[in-house]
Amino acid sequence: MGLGEVSNNIYSMHVQTSFGNTSRLQTDNCYRQAFTRMLAADSAYIAVKQDPYFVRLVPFWQLQLFARAIDKPDLYKDVSERIRVTPSRNYTTESGAIQLDFVKYCCDALEADLTTFFEAWGFLRELDIEVNDYSSTYLRITAAELQAAKSDIAAKGYAPAPAGAIYLTDQNVNVLKNRQNIVPGTASRSGQTITASGWSNVMAYKVYASGDFVYGTPDAIIAVPAAYPAAGVEVKAVQWDGTEINVNF
């Protein structure tokens, strides 16, 4: 599925952070890139082309962060064991089914309905895309396969994951874990930079231009892309439950 340089890095990230080191996803601004290049662009994670591997890693690492937040840290151990004991699929012809299996296995391991999370990151959508990573194959998901997977998840009756999980980072795990509501502060603008001061418990900041979500960042210093004059944008702070609160500047 083109994830050779993503799936292995889940484990390297675990080692890195277990020793108290700052996550590479933070130091390399991968969360900001993922929020903008995937969520704002409404692009499936697998469709990211330029320097994709650590950016693609974001939703996979977020799943581990969510598992930690709900005290089920063995997510990938449990999913790996489920895969091990399940008859193998042919990745050249069933790559879409494999992706949907992964979605369902994660929901089962965490006992949570992650449909909204996986829809946002592009795991649960119709796809027909060529993927290259050492070799080439096609990732195809039909409307019928998609509906069957969603129905299977819904039938389990799991509680939905909080909408704010889409914006999980290493720094805000406890905000979601403890369901901490946003405490608003103030904000100011200097040129293309908007600075949110005194805000707490924010999962992410979203920039809207002409009503469209165009840029996302976990950082309180928001460098609005030059394509969107900062004087005319709206900024909203995302709470753990997905509520968006205006940031006035």
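May I ask you to derive the relative contact order of the stretch 126-249, considering only C-alpha pairs under 8 Å and at least 6 residues apart, and to give it as an integer percent?
On the way: 205 pairs, mean separation 26.9, N = 124.
Averaging sequence separation for qualifying contacts and normalising by length gives 22 percent for the stretch 126-249.
Before I look further, what does the chain give for accessible area per residue, probe 1.4 Å, in whole square angstrom? Before the final figure, lay out the partial values.
Values: 11720 Å² over 249 residues.
That works out to 47 Å² for each residue.
Using the alpha-carbon centroid of each, what span in Å lies between the stretch 68-120 and the stretch 186-249?
With the stretch 68-120 and the stretch 186-249 each reduced to a Cα centre, they are spaced 33 Å.
Which value in nm describes the separation of the simple spin-label points at residue 188 and residue 81, placed 7 Å from the Cα toward the beta carbon?
With each label placed 7 Å out from Cα toward Cβ, I get 5.5 nm.
Which percent of the accessible heavy-atom area of the chain goes to carbon and sulfur, probe 1.4 angstrom?
On the way: 5720 of 11720 Å².
Using a 1.4 Å probe with all protein chains present, the chain comes out at 49 percent carbon and sulfur.
Note the full-extension length gain between residue 245 and residue 195 as 0.36 nm times their separation in residues minus their Cα-Cα distance, in nm to one decimal.
On the way: separation 50, 0.36 × 50 = 18.00 nm, distance 1.53 nm.
Full extension of this stretch gives 16.5 nm more.
Just subtract the alpha-carbon distance of residue 29 and residue 14 from 0.36 nm times their residue separation and send over the number in nm, one decimal. Kindly include the intermediate steps, with their values, before the conclusion.
Numbers: separation 15, 0.36 × 15 = 5.40 nm, distance 1.78 nm.
Here the answer is 3.6 nm.
Of [x] 145; [y] 134; [z] 119, which one was derived for volume of the Cα convex hull per residue in Å³ from the structure shown?
Among [x] 145; [y] 134; [z] 119, the one derived from this structure is [y].
For the stretch 89-233, divide the Cα radius of gyration by the Kirkwood radius and give the resulting Rg/Rh value with two decimals. Display every interim value, and only then the final one.
On the way: Rg = 19.2 Å, Rh = 18.0 Å.
Taking Rh as the inverse mean 1/r over Cα pairs, Rg/Rh reads 1.07.
What is the stretch 1-131's relative contact order, in percent, from Cα pairs under 8 angstrom and six or more apart in sequence?
Numbers: 92 pairs, mean separation 37.2, N = 131.
Relative CO of the stretch 1-131 lands at 28 percent.
Would you be so kind as to identify all helices of the chain, as entire DSSP H runs, whose Cα atoms reach 15 Å or more along the helix's own axis and whose mean Kyte-Doolittle hydropathy is at least 0.5? Before the final figure, lay out the partial values.
On the way: long enough: 4-18 (22 Å, -0.48); 53-69 (24 Å, 0.71); 95-110 (23 Å, 0.68); 143-155 (18 Å, 0.30).
Span-like helices, by this rule, are 53-69, 95-110.
Rank these residues by their accessible area, most exposed first, probe 1.4 Å: 31, 53. Mind showing how you got there, number by number?
Details: 31 5, 53 75 Å².
Ranking 31, 53 by accessible area, largest first, yields 53, 31.
Please state the charge dipole magnitude for the stretch 143-249, taken about the Cα centre, from unit charges on C-beta atoms (+1 on K and R, -1 on D and E), reported in debye and rounded to the nearest 20. The partial results should precede the final answer.
Numbers: 7 positive and 8 negative charges, 40 e Å.
Here the size comes out at about 200 debye.
Give the relative contact order (percent, whole number) for the chain; include only Cα pairs under 8 Å separated by 6+ residues. Don't skip to the answer; put the middle values down first.
Details: 397 pairs, mean separation 46.2, N = 249.
Reported relative contact order: 19 percent.
The values are calculated or read from the model by the stated rules, or taken from the named source; none is laboratory data. Bear in mind the structure is a predicted one, so any value in this text is a computation, not a measurement. Quick reminder, even Gly has a Cβ in these numbers, built from the backbone with ideal geometry, and neighbours come from all protein chains shown. Only protein heavy atoms, including side chains, enter the accessible area calculation; ligands, DNA and RNA are left aside. Shrake-Rupley method; radii C 1.70, N 1.55, O 1.52, S 1.80 Å.
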